[in-house]
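Here is the structure we will look at, set down as structure tokens.
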Amino acid sequence: MTHAVLVTGGGGQLGTELQRCAWPEGWEVVALDVADLDLADTAAIARVVASRDWAAVINGAAYTAVDKAESDVVTAWAVNALAPAAFGEACAKAGIPLVQVSTDYVFPGDKPGAWEPDDAVAPLSVYGASKLGGELAVRTSGARAVVVRTAWVVSAHGSNFIKTMLRVAAERDTLRVVDDQTGSPTGAADLAQALMTIAVRLVEDADAPTGTYHFSNAGPVTWAGFAREIFRQSGLRGGPVAAVEGITTADYPTPARRPANSLLSHDAIQRAYGITPRPWQDALGDILDELIGAVT
């Protein structure tokens, strides 16, 4: 028997890595991208979920242009809130589990220490609010669902902080990077592995835990600290290097407000699913191996 998993955001960082995961024998990933499924079309979502006997759905697609969302509110809410609502309704009707990916941006970022899944939410931006809307829609849909919040996703694919730093370092000797926002980078491959573990368990175990969990790689760092480690490891591989000057959030104004603290607690996902994230520095090393080459 084949277990077919529907994955959205097939061309993105997470969708790419979900297709590269070593799924158990008998499992098949069908990844759809924006050309295959318009997430603003809730009727199309319902048709896709009803189109075959899926084992589970992983909704990894999102409107992630955080600053653009401030002036593109309706589109952000359509993709980040109404699409998850449609997936939740369709999965409930089909009797299949749904894994919904969410974000640290649902939090205000004003807490010392790591955020727990049941901490009070208070998003600072349209993006964060729309993603929270998606969470609420999924939770109230009646589907067996797991919401996984993540943060600072990076990989060897698409657009992300690592690739931006390497590109700009090839042009400049010194980069100014925000040094008063703290979080944990998340390798898309590590996140994909966690989502695969959860989806398989939900399908195979009717009593698998549901609810909201957090996943990122382990260890706190600021964006500037992250950049410094990128260049340290890049230098070991003969890649681009640059000096990093730390600046404040106020020195780099953006349309959307960012949480000052995005650290996510992993206690709940460790208890429920036995998932223990590895240090972000290790995930970074794997990504740089792919982008530049292994350390010789």
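General remarks:
- For the stretch 127-146, the condition of being at pLDDT below 95 and over 25 Å from Thr276 (Cα atoms) holds for none of the residues.
- Restricting attention to the stretch 234-272, the residues that are outside any loop (DSSP other than H, G, I, E, B) and either modelled with pLDDT under 95 or in contact with a Gly (Cβ under 6 Å, 6 or more places away or on another chain) (or both) total 4.
- Set Val57, Val48, Val73: member being at pLDDT 95 or above, closer than 30 Å to Gly26 by Cβ, more than 16 Å from the chain's Cα centre (by Cα) and among the hydrophobic types (A, V, I, L, M, F, W, C): Val48
- Unmet requirement for Gly95, which otherwise passes all of (1) touching a helix residue (DSSP H, G or I) at 6+ places or on another chain (Cβ under 9 Å); (2) farther than 22 Å from Asp267 by Cβ; (3) free of Cβ contacts under 8 Å to residues at least 40 places away in the same chain: (1)
- Every pair of residues 6+ apart whose Cβ atoms lie under 6 Å, when the first sits in the stretch 203-232 and is in contact (Cβ under 8 Å) with a residue 24 or more places away in the chain and more than 30 Å from Leu98 (Cβ to Cβ) while the second is surrounded by fewer than 17 Cβ atoms within 10 Å (Cβ to Cβ) and of a type in the set (Gly, Ala, Ser): Ala224/Gly246
- Check on Ala83, surrounded by fewer than 24 Cβ atoms within 10 Å (Cβ to Cβ) and within 19 Å of the chain's Cα centre (by Cα): no
- Filtered residue count, the stretch 157-209, keeping only those that are in contact with a Leu (Cβ under 8 Å, 6 or more places away or on another chain) and of a type in the set (S, T, N, Q): 2
- Any hit, the stretch 163-171, residues being crowded, with 18+ Cβ neighbours inside 10 Å and either under 17 Å from the mean Cα position of the chain (by Cα) or β-branched (Val, Ile, Thr) (or both): no
- Enumeration of residues in the stretch 127-160 that are closer than 30 Å to Gly293 by Cα, surrounded by fewer than 21 Cβ atoms within 10 Å (Cβ to Cβ) and touching a helix residue (DSSP H, G or I) at 6+ places or on another chain (Cβ under 7 Å): Ala156, His157, Gly158, Asn160
- Some residue of the stretch 67-78 being among the hydrophobic types (A, V, I, L, M, F, W, C), closer than 27 Å to Pro123 by Cβ and touching a residue at least 60 places away in the same chain (Cβ under 8 Å): yes
- Elements of the type strands (runs of 3 or more DSSP E) sitting completely within the stretch 2-73 and holding at least 1 residues that are of a type in the set (Asp, Glu): these cover 27-32.
- Single residue of Leu18, Leu32, Leu14, Leu39 found to be more than 22 Å from Ala151 (Cβ to Cβ) and either surrounded by 17 or more Cβ atoms within 10 Å (Cβ to Cβ) or without any contact (Cβ under 8 Å) to a residue 24 or more places away in the chain (or both): Leu32
- Subset of the stretch 280-296 (residues that are surrounded by 14 or more Cβ atoms within 10 Å (Cβ to Cβ) and either at positive phi or not aromatic (Phe, Trp, Tyr) (or both)): Gln281, Asp282, Ala283, Leu284, Gly285, Asp286, Ile287, Leu288, Asp289, Leu291, Ile292
- Of the candidates Leu195, Leu284, Leu202, Leu288, the single residue that is outside any loop (DSSP other than H, G, I, E, B) and farther than 30 Å from Lys68 by Cβ is Leu202.
- The residue list Val200, Val295, Val241 contains one member that is β-branched (Val, Ile, Thr), more than 18 Å from the chain's Cα centre (by Cα) and under 21 Å from Ala143 (Cβ atoms), which is Val200.
The values are calculated or read from the model by the stated rules, or taken from the named source; none is laboratory data. Since this is a predicted model, take the numbers as computed values, not measurements. A quick note on method: Cβ atoms are made from the backbone with ideal geometry, for glycine too, and the neighbour counts reach across all protein chains shown.
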